[in-house]
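The structure under discussion appears below in the form of C-alpha coordinates.
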Amino acid sequence: QVQLVESGGGLVQPGGSLRLSCAASGIIRSFALMGWYRQAPGKQRESVAFITSGGITNYANSVKGRFTISRDNAKNTVYLQMNSLQPEDTAVYYCNVDALHAGNYWGQGTQVTVSL
(Lines give C-alpha, C1' and ligand atoms only; values in the text may rest on other atoms or scores of the structure.)
Protein backbone atom coordinates (compact mmCIF):
# COMPACT_ATOMS: atom_id res chain seq x y z
CA GLN A 1 0.00 0.00 0.00
CA VAL A 2 2.93 2.32 0.72
CA GLN A 3 6.43 2.32 -0.71
CA LEU A 4 9.16 4.35 0.96
CA VAL A 5 12.30 5.31 -0.92
CA GLU A 6 15.14 6.71 1.16
CA SER A 7 18.18 8.55 -0.09
CA GLY A 8 21.02 10.72 1.14
CA GLY A 9 23.08 8.42 3.30
CA GLY A 10 26.82 8.03 2.96
CA LEU A 11 30.22 8.57 4.49
CA VAL A 12 31.03 11.88 6.13
CA GLN A 13 33.76 13.18 8.38
CA PRO A 14 33.04 14.23 11.97
CA GLY A 15 31.52 17.68 12.00
CA GLY A 16 30.04 17.22 8.56
CA SER A 17 26.46 17.24 7.34
CA LEU A 18 24.08 15.00 5.46
CA ARG A 19 20.48 15.32 4.39
CA LEU A 20 18.25 12.26 4.27
CA SER A 21 15.08 12.12 2.21
CA CYS A 22 12.21 9.65 2.26
CA ALA A 23 9.52 9.75 -0.39
CA ALA A 24 6.29 7.86 0.17
CA SER A 25 4.17 6.59 -2.69
CA GLY A 26 1.14 4.37 -3.03
CA ILE A 27 -2.56 4.49 -2.45
CA ILE A 28 -2.26 6.13 0.98
CA ARG A 29 -1.69 9.85 0.57
CA SER A 30 -1.84 11.20 4.11
CA PHE A 31 0.33 10.36 7.09
CA ALA A 32 -0.26 11.49 10.64
CA LEU A 33 3.38 10.96 11.57
CA MET A 34 6.58 10.79 9.54
CA GLY A 35 9.88 10.14 11.18
CA TRP A 36 13.31 8.64 11.33
CA TYR A 37 14.77 5.85 13.42
CA ARG A 38 18.32 4.53 13.51
CA GLN A 39 20.02 1.31 14.48
CA ALA A 40 23.71 1.06 15.24
CA PRO A 41 25.52 -2.30 15.22
CA GLY A 42 24.70 -4.27 18.35
CA LYS A 43 22.10 -1.77 19.52
CA GLN A 44 18.34 -1.54 19.45
CA ARG A 45 16.55 0.63 16.92
CA GLU A 46 15.84 4.04 18.40
CA SER A 47 13.69 7.00 17.45
CA VAL A 48 15.63 9.97 16.14
CA ALA A 49 12.91 12.46 15.24
CA PHE A 50 9.34 12.66 14.07
CA ILE A 51 6.99 15.28 12.73
CA THR A 52 3.20 15.43 12.71
CA SER A 53 1.07 16.44 9.77
CA GLY A 54 0.67 19.81 11.46
CA GLY A 55 4.40 20.33 11.78
CA ILE A 56 4.96 19.52 15.44
CA THR A 57 8.39 17.98 15.90
CA ASN A 58 10.08 15.79 18.47
CA TYR A 59 13.75 14.86 18.76
CA ALA A 60 15.86 12.42 20.68
CA ASN A 61 17.99 14.23 23.25
CA SER A 62 21.14 13.03 21.54
CA VAL A 63 20.35 14.92 18.32
CA LYS A 64 18.62 18.06 19.59
CA GLY A 65 20.20 21.18 18.18
CA ARG A 66 22.03 19.22 15.47
CA PHE A 67 19.29 17.51 13.44
CA THR A 68 16.22 19.08 11.87
CA ILE A 69 13.24 17.14 10.56
CA SER A 70 10.85 18.60 8.02
CA ARG A 71 8.20 17.37 5.62
CA ASP A 72 6.57 18.34 2.37
CA ASN A 73 2.99 17.11 2.56
CA ALA A 74 2.36 17.81 -1.13
CA LYS A 75 5.22 15.49 -2.04
CA ASN A 76 4.67 13.02 0.83
CA THR A 77 8.34 13.41 1.63
CA VAL A 78 10.14 13.71 4.95
CA TYR A 79 13.65 15.07 5.35
CA LEU A 80 16.30 14.86 8.05
CA GLN A 81 19.01 17.51 7.96
CA MET A 82 21.91 16.25 10.04
CA ASN A 83 24.62 18.71 11.07
CA SER A 84 27.67 18.41 13.32
CA LEU A 85 27.69 14.67 12.79
CA GLN A 86 29.69 12.58 15.20
CA PRO A 87 30.95 8.97 15.05
CA GLU A 88 28.20 7.94 17.47
CA ASP A 89 25.66 8.96 14.82
CA THR A 90 26.86 6.08 12.65
CA ALA A 91 23.91 3.77 12.03
CA VAL A 92 21.40 2.58 9.50
CA TYR A 93 18.68 5.21 9.35
CA TYR A 94 15.11 4.09 8.67
CA CYS A 95 12.18 6.16 7.55
CA ASN A 96 8.85 5.43 9.22
CA VAL A 97 5.39 6.71 8.37
CA ASP A 98 2.18 6.18 10.26
CA ALA A 99 -1.17 6.40 8.58
CA LEU A 100 -3.09 5.55 11.77
CA HIS A 101 -5.75 2.95 10.92
CA ALA A 102 -4.22 2.50 7.45
CA GLY A 103 -1.00 1.11 8.86
CA ASN A 104 2.60 1.82 9.77
CA TYR A 105 5.37 1.47 7.21
CA TRP A 106 9.17 1.27 7.16
CA GLY A 107 11.76 2.16 4.58
CA GLN A 108 14.59 -0.16 3.63
CA GLY A 109 17.21 1.84 5.51
CA THR A 110 20.15 3.96 4.46
CA GLN A 111 23.64 3.75 5.93
CA VAL A 112 25.19 6.79 7.56
CA THR A 113 28.84 6.46 8.51
CA VAL A 114 30.72 9.21 10.34
CA SER A 115 34.45 8.59 10.26
CA LEU A 116 37.78 10.16 9.40
(request) Find, to one decimal place in angstroms, the Kirkwood hydrodynamic radius of the chain, where the mean of 1/r is taken over every pair of different Cα atoms and then inverted. (result) 14.1 Å
(request) May I ask you to evaluate 6.51 cos²θ - 1.76 cosθ + 1.60, the Karplus curve with θ = phi - 60°, for each residue of segment 78-92 and list the ³J(HN,Hα) values in order in whole Hz, giving x for glycine and proline? (result) 10, 10, 9, 8, 10, 10, 6, 5, 10, x, 6, 7, 4, 4, 8
(request) Report the residues of segment 6-26 in range of a label on N83: point 7 Å along Cα→C-beta, backbone N strictly under 12 Å from it. (result) 16-18
(request) Quantify, in whole percent, the carbon and sulfur part of the accessible surface of segment 56-116 (1.4 Å probe; protein heavy atoms only). (result) 51 percent
(request) Find how much the distance from T52 to H101 grows on full extension, using 0.36 nm per residue of separation minus their present alpha carbon separation; answer in nm with one decimal. (result) 16.1 nm
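The values are calculated or read from the model by the stated rules, or taken from the named source; none is laboratory data. Predicted model, so just to flag it, every value in this text is computed and none were measured. Reconstructed Cβ throughout: ideal geometry from the backbone, glycine too, with neighbour counts over all protein chains shown. Side chains are part of the model used for accessible areas, which takes the heavy atoms of the whole protein and leaves out ligands, DNA and RNA. Shrake-Rupley method; radii C 1.70, N 1.55, O 1.52, S 1.80 Å.
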